[in-house]
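A.B. asks: Here you go, one structure.
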Amino acid sequence: MGREERIGREANRAHAEVPGERDQLIAHWRKERALGRRGFIMRRGVLTWGLPAAILTILYKTVQEQGFVRSPHLTQSLAAAIVVALVVFPLCGWIFGRWLWDTGEARYRALTKDG
């Protein structure tokens, strides 16, 4: 059994008991699809997960190094942490968004295949 078949069966089994939920899932995913894959990945992965995680990491690193100060100083290690956070977390967000897209597409195909 392939990955898409397994996801589809799980989706059908999970939503078979709730009346109307299958139609709601299909309608919701059609709206997401209409906005496009790239936009979905950017919104759901990079902007919703990647950048907030990067900002929180930068804030944590700043407080860890300098404590709670009004005007933190940009040290070499803080600058390196900022660069790493602004590269790594959005990249991870893109990967997460891509996974969400692929999973949503597989679920949508499985739900619409049965008609």
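No value in this document is a laboratory result; all are computed from the given coordinates. This one's a predicted model, so the numbers in the text were calculated from it and none came from an experiment. Cβ sites come from the backbone with ideal geometry, for glycine too, and all protein chains shown count toward neighbours.
A.B. asks: Show log10 I(q)/I(0) for the range 57-96 at q = 0.15, 0.21, 0.22, 0.32 Å⁻¹, two decimals, from a solvent-free Debye sum over equal Cα scatterers.
C.D. replies: For the requested q values the scattering log ratios are -0.39, -0.64, -0.68, -1.05.
A.B. asks: In whole Å, how far is the Cα centre of the range 25-47 from that of the range 63-80?
C.D. replies: Comparing the Cα centres of the range 25-47 and the range 63-80, I get a distance of 37 Å.
A.B. asks: For the range 3-113, what does the equivalent ellipsoid look like in terms of its semi-axes, each the square root of 5 times an eigenvalue of the Cα gyration tensor, given largest first in whole Å?
C.D. replies: Semi-axes (√(5λ), whole Å): 40, 13, 12.
A.B. asks: According to a simple spin-label model (label point 7 Å from Cα along Cα-to-Cβ), what is the distance in nm between A80 and L56?
C.D. replies: In this crude label model, L56 to A80 measures out at 2.5 nm.
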